[in-house]
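J.: Please read through the structure below; I'll follow up with questions.
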Amino acid sequence: MKVAVLKGGRSLERGVSLRSGARVEDALERLGHEVLPIDVGSDLVKRLVAEQPDVAFVAMHGAGGEDGTVQELLEILGVPFTGPGAAACARCMDKVQAKDAIDEAGLPTPDWFAFNQTAFREFGAADALGRLEETLGFPLVVKPSRGGSSLGVKFARTPGEVPQALVSAFSYDDRVVLERFVDGRELAVSILGDEPLPVVEAILLEGDRYDFEARYEIGRTRFVCPAELSAEEERAVTEAALATYRALGCTGFARVDLILGAEGPWLLEANAIPGLTDTSLLPQAAEAAGLSFEQLVERILDLALTPATH
Amino acid sequence: MSEVPEPTHRRRAHTSGRDLERYAGLFAERTTVMRSSAMRDLMAITARPEVISLAGGLPDTSTFPPQSFAAQMTRIAQESAAKALQYGPTEGFEETKDCILEVMGAEGMLPDPDDIIVTTGGQQAIDLVCKTLVDPGDVVICEAPTYPGAVPVFCSYQADVTQVECDEDGMRIDLLEKLLGELRREGRRPKFIYSVPSFQNPAGVTLSLERRRRLVELAREQEILVVEDNPYGLLRYSGEPMPPLYQLDGGDFVIYLGTFSKILSPGIRLGWAVAPPPVMEKIVLGKQAADLCTSTLTQYFVREYFAERRWQHYIDDLVELYRTRRDVMLEALRTHFPAEATWTEPEGGLFIWATLPDYIDTNDLLAKALRADVAFVPGQGAYVDGRGTHSMRLNFSGVNEDEIREGVRRIGKVIAEQVELYGTLTGEQRLPEPVEEPEPNVLPFRKAEEA
C-alpha cells in the first residue's frame, strides 16, 4: 500500500511531529508499505494529487494538522486518513468546544469560563474577572483554547497573577479558558477504534504539573502503565474516557486526559492526534495491551480504511 | 572481495516503551540534569526561510572570501596532504600555538606556549576545565545571566551552580565578595568563577577595569581560580580596550579560554585554553581521553590563513560590519520597543540583552513572535534557576541591516500588543504604541545600587 505520512508543518509542535512521523515511517517500511513522507507545506494538495496515495497517515500535532484543517482537505480530495475526522479534530483542538460537548454529554469537567481578546480589549471584560475568580476559586488554571502540549498553560495562585497568566495564554490563541483547578491523579486513556487501552498515569517527579518541557522528556515525568487503579476506579475512568471520545465524535484513535479526584474522574480534554514518539503515551498504552508499535500502526491504518470510520 | 549484505533499513529499529525503561535504568545519575529543551523544538520553526532569526549566535561567514579559502585548502592538499590527514599531538601543533600567541598578543597577553592546549572549539575548553576541576556537588560561580551554552556543561558535571547578578559594568563584584564570604563560613570552596568579561554572551555587558582588578585581587587573596572566556575580545566597536583578566593576573589564578570561531570561523571548531602547568597537565589527559587531538586539517588551515598576514584586516572588516549592525539594532530598538523595555548597549560582541516588563514571559512571547515570522532567544536558558523569563537575547551579527530593522519591528509589535492587553486587564493606562521619537535616556541595564 502507498502511505503518505503527513508530518511537520508550521505549528509550534513541529519538532514533536517530525519525531512522530519518522517513527511511523520506519514502522510502515517494516510492514512492507510504500512510504511517501511529506513535510506539510504549500505544495501538499499538489503532491497528494500527483502521488495518489492509498491512505494518509496524519502524524501532525497542533494548529493545521490536528485542528481539522488537513483533515478537511483530505476529505475533499477523497484520500482516506488516520485518526478522527475534520469536525472531531476541530472540536478536540478547541478546549471551549470540547468542554461544551463534554458538559452537554453530562460528563464531569472542571468549571470554566472562556474569553476572547475582544472581550478584554473592547468590552471591558477585566471588570468581570473578580466575579469569575470568586466562582472558580484559587488556584485556577489559565489555558489557550487551542494549543497543545501545555504550551502557554499557567497556574494563577492569586488574583494578582491572573492578568499575567492571561497575557501568556493569549500569546497562543485569541481565546482562553479559565478553569477551576482540580487536584488528583493525572491519567490518560488512549482509545483505539472503540477499544480503550490500558490507563497511563503521569507522575511528575519535580517541578510544576503543567510544564511543557516535562512532557517530552525521559526522567522528569514517570509514566506508569497500566496505572495502579482499583477495578472500580479503572471502570469509572475508562467509561468516562470512552463517553468523552464518543461525545466529541472521535474515530480511529484519540487520547483523553483526565484527573482522578476524590469524587471520581474529571475530564480535561481529548487529543485528536496524540504523539507517537518514543516517549508518547499512546504507544506505551498499546504496548501494555500487547501491541507492538508496528501492530499499532497497522491497526490505525485498518481503522482508516474501514468505510464506517469517517 | 567478499560481498557485504545491503542494509535493509535506513533507520534503527523502533524503540518500545519497555526499551526506554531498560535504557533509563542504565542512565548515569548525571543524565537526570541533562535536558533537551522545548526551546529546541520551537527553534525547529526558526529554520523556515520566511523567519527572521535574531536567535542565532552566528558570525557572518559569508564575508570570508571563498577564493582565499580555496587557495589555502589547495596549498594544504599539494604540500602537506599526508600530515594534514594524520593524527596530531594532543596539545595541538606548535604552529597553531604561534597563531594563538598572535591573537592573544593583540590583546596584550603573552603566555608560555607550553601553557596552551588547542581544543575542539571553545566549548570543549569549558568541558575540559569542568572535567578537570568539578566533582558532583562542587560549587561553580558564574554571572547572572551566563552563557547559555555553559549551563549544560556545568550541569553535566553535576556542579552546584551559583549565579552573581550583573549590571551594566558586568558581574557585581561586591555581591561576589559577599557570596565568597558566605561559602567560606559554610566551609565550601568554589572550584572556579566563570566569567565572560568582555561583551558578555548573552548580556552584552563588559566588566569594568576597576572590577577586573578587584576580581583578580580576590582570586589571589583567596586562591580561587577564575575561568575567563573571551571569544569576542577583539570585536570591539566603541570604547577603550580593556585588559583581559589573564593579563592582569599573569596566569596564576586565571584560566583563559579563546576561540577562532568569532574571528575566523566556527565551522573549523578550533579553540584553546591557557592554564597553569599543573592544571594543564590534567587538562591534556582529559583531552586525550575525549578525542585524542583537535582536527589536524583545520589546524593546517589556520596556519595557512595566518601565514597570509591578513587575519587582522579580516577582523577590521568584521568590526566595521558588526558595528553598523549593532547601531542599526539599537536604533530599531529605540524606535520599535515600548517605553517599559530596557536593553544593554554593548561596546562589542554579538548580542544585545533586552528586558521587558515582568508580566511578559518571553517563552510565550516567542510563540507569538514566531507567528509574526521572527525569532529571538528567551532569557531563561541563561539562568540555572528558572529566572530570565522577562528577558531576551538578540543577535545582530548574523543578519543584514534590513532584516535587523524588520525583525526588531516585528518583535516590538508583538510586545506592544501584550503591553496593551495587560493594561486593559489591569485597568492601568499604558502606552499602546511604542514611542515615536527615541528618548535619549533609555536605560540599558537597570543599574544596581551598590550594596
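The values are calculated or read from the model by the stated rules, or taken from the named source; none is laboratory data. Given the structure is predicted, the values throughout are model-derived calculations rather than measurements. Reconstructed Cβ throughout: ideal geometry from the backbone, glycine too, with neighbour counts over all protein chains shown. We work out accessible area using only protein heavy atoms, side chains counted, and drop any ligands, DNA or RNA first. Shrake-Rupley method; radii C 1.70, N 1.55, O 1.52, S 1.80 Å.
J.: Within the bounds of segment A:229-242, is there any residue that is touching a helix residue (DSSP H, G or I) at 6+ places or on another chain (Cβ under 8 Å) and open to solvent by 10 Å² or more (accessible area, probe 1.4 Å)?
T.: Yes: one or more hits.
J.: Condition test on B:S391, is it touching a residue at least 40 places away in the same chain (Cβ under 8 Å), touching a strand residue (DSSP E or B) at 6+ places or on another chain (Cβ under 9 Å), surrounded by 19 or more Cβ atoms within 10 Å (Cβ to Cβ) and closer than 21 Å to B:P49 by Cα?
T.: no
J.: If a residue counts only when it is under 27 Å from A:A87 (Cα atoms) and open to solvent by 30 Å² or more (accessible area, probe 1.4 Å), which helices (runs of 4 or more DSSP H) contained entirely in segment A:98-196 have at least 1 such residues?
T.: A:117-123
J.: Quick check on my filter: what residues within segment B:254-266 are in a loop (DSSP other than H, G, I, E, B) and more than 15 Å from the chain's Cα centre (by Cα)?
T.: Across segment B:254-266, the qualifying residue is only B:L264.
J.: Is segment A:274-286 home to any residue that is within 21 Å of A:D94 (Cα to Cα), out of contact with any Gly (no Cβ under 8 Å at 6 or more places or on another chain), in contact (Cβ under 8 Å) with a residue 24 or more places away in the chain and open to solvent by 20 Å² or more (accessible area, probe 1.4 Å)?
T.: Within segment A:274-286, not a single residue is within 21 Å of A:D94 (Cα to Cα), out of contact with any Gly (no Cβ under 8 Å at 6 or more places or on another chain), in contact (Cβ under 8 Å) with a residue 24 or more places away in the chain and open to solvent by 20 Å² or more (accessible area, probe 1.4 Å).
Conditions tested, residue by residue: (1) closer than 19 Å to B:V419 by Cβ; (2) charged (D, E, K, R); (3) free of Cβ contacts under 8 Å to residues at least 60 places away in the same chain.
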residue: A:G137; (1), (2), (3): no, no, yes
residue: A:V141; (1), (2), (3): no, no, no
residue: A:S145; (1), (2), (3): no, no, yes
residue: A:L151; (1), (2), (3): no, no, no
residue: A:R180; (1), (2), (3): no, yes, no
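J.: Restricted to segment A:239-283, and to residues that are within 14 Å of another protein chain (Cβ to nearest Cβ) and among the aliphatic types (A, V, I, L, M), which residue is farthest from A:V5 (Cα to Cα)?
T.: So, considering only residues that are within 14 Å of another protein chain (Cβ to nearest Cβ) and among the aliphatic types (A, V, I, L, M), the one farthest from A:V5 (Cα to Cα) is A:L281.
J.: Could you tell me how many of the residues in segment A:8-42 are more than 16 Å from A:T69 (Cα to Cα), of a type in the set (G, A, S) and in a helix (DSSP H, G or I)?
T.: Qualifying residue count, segment A:8-42: 5.
J.: Tell me which residues, restricted to segment A:252-273, are in contact with a helix residue (DSSP H, G or I) (Cβ under 8 Å, 6 or more places away or on another chain) and either acidic (D, E) or open to solvent by 40 Å² or more (accessible area, probe 1.4 Å) (or both).
T.: Within segment A:252-273, just A:E269 meets the criteria.
J.: Also: Which numbered condition in (1) within 14 Å of chain B (Cβ to nearest Cβ); (2) assigned to a helix (DSSP H, G or I); (3) charged (D, E, K, R) is the only one that A:E75 fails?
T.: For A:E75, the failing item is (1).
J.: Please state which of the following conditions A:S150 fails to meet, knowing it meets all the rest: (1) among the polar types (S, T, N, Q); (2) within 11 Å of chain B (Cβ to nearest Cβ); (3) more than 22 Å from the chain's Cα centre (by Cα).
T.: (3)
J.: Could you please find all residues in segment B:394-404 being more than 24 Å from A:Q164 (Cα to Cα) and either out of contact with any helix residue (DSSP H, G or I) (no Cβ under 7 Å at 6 or more places or on another chain) or surrounded by 17 or more Cβ atoms within 10 Å (Cβ to Cβ) (or both)?
T.: Listed by number, the residues that qualify are B:N395, B:F396, B:S397, B:G398, B:V399, B:N400, B:D402, B:E403, B:I404.
J.: I would also like to ask the following. Give the residue that is modelled with the lowest pLDDT, with candidates limited to residues of segment B:318-352 that are farther than 26 Å from B:T119 by Cβ and of a type in the set (G, A, S).
T.: B:A339
J.: Just to be sure, is B:R409 among the basic types (K, R) and within 21 Å of B:Y232 (Cα to Cα)?
T.: no
J.: Sticking with this structure for a sec: Would you confirm, using the coordinates I've provided, whether A:S11 is open to solvent by 60 Å² or more (accessible area, probe 1.4 Å) and farther than 22 Å from A:F293 by Cα?
T.: Against the criterion (open to solvent by 60 Å² or more (accessible area, probe 1.4 Å) and farther than 22 Å from A:F293 by Cα), A:S11 does not qualify.
J.: Given the conditions (1) touching a Pro at 6+ places or on another chain (Cβ under 9 Å); (2) within 14 Å of chain A (Cβ to nearest Cβ); (3) not aliphatic (A, V, I, L, M), and given that B:P266 satisfies all but one, which numbered condition is not satisfied?
T.: Here B:P266 clears every test but (2).
J.: Consider B:P148 against the criteria (1) open to solvent by 10 Å² or more (accessible area, probe 1.4 Å); (2) part of a strand (DSSP E or B): it satisfies all of them except one. Which criterion is unmet?
T.: (2)
J.: Only one residue in B:G407, B:G386, B:G412, B:G381 is surrounded by fewer than 19 Cβ atoms within 10 Å (Cβ to Cβ) and either within 14 Å of chain A (Cβ to nearest Cβ) or in a helix (DSSP H, G or I) (or both), so which one is that?
T.: B:G386
J.: Go through segment A:29-44 and report how many residues are open to solvent by 60 Å² or more (accessible area, probe 1.4 Å), under 25 Å from B:E50 (Cβ atoms) and touching a residue at least 24 places away in the same chain (Cβ under 8 Å).
T.: Qualifying residue count for the region: 1.
J.: Oh, and also: Farther than 25 Å from B:I315 by Cα, acidic (D, E) and surrounded by 12 or more Cβ atoms within 10 Å (Cβ to Cβ): is that true of B:E91 in this structure?
T.: Taking the combined requirement at face value, the residue satisfies it.
Rundown of residues vs (1) assigned to a loop (DSSP other than H, G, I, E, B); (2) modelled with pLDDT of 90 or more, yes/no style:
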residue: B:A24; (1), (2): no, no
residue: B:T32; (1), (2): no, no
residue: B:E50; (1), (2): yes, no
residue: B:S62; (1), (2): no, no
residue: B:M73; (1), (2): no, yes
residue: B:T90; (1), (2): yes, yes
residue: B:G122; (1), (2): no, yes
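J.: Whether any residue in segment B:206-221 is assigned to a loop (DSSP other than H, G, I, E, B) and open to solvent by less than 20 Å² (accessible area, probe 1.4 Å) is what I want to check.
T.: yes
J.: Hey, another quick one. Looking at this structure, is B:L234 modelled with pLDDT of 95 or more and either surrounded by fewer than 24 Cβ atoms within 10 Å (Cβ to Cβ) or part of a loop (DSSP other than H, G, I, E, B) (or both)?
T.: yes
The rows are residues; the columns are (1) within 14 Å of chain A (Cβ to nearest Cβ); (2) touching a Lys or Arg at 6+ places or on another chain (Cβ under 6 Å); (3) surrounded by 23 or more Cβ atoms within 10 Å (Cβ to Cβ).
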| site | (1), (2), (3) |
| --- | --- |
| B:P346 | no, no, yes |
| B:L356 | yes, no, yes |
| B:L365 | yes, no, yes |
| B:A369 | yes, no, yes |
| B:A372 | yes, yes, no |
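J.: Something else now. Considering only segment A:1-57, state which residues are within 9 Å of chain B (Cβ to nearest Cβ) and not charged (D, E, K, R).
T.: Answer for segment A:1-57, where residues must be within 9 Å of chain B (Cβ to nearest Cβ) and not charged (D, E, K, R): A:G8, A:S11, A:L12, A:G15, A:V16, A:L18, A:A22, A:A27.
J.: Next question. Against the conditions (1) part of a loop (DSSP other than H, G, I, E, B); (2) more than 20 Å from B:M280 (Cβ to Cβ), where does B:G251 fall short? Just the number, please.
T.: (2)
J.: In addition: Looking only at residues that are modelled with pLDDT of 95 or more and in a loop (DSSP other than H, G, I, E, B) in segment B:276-317, which one is most open to solvent (accessible area, probe 1.4 Å)?
T.: Per the stated criteria, the residue is B:L292.
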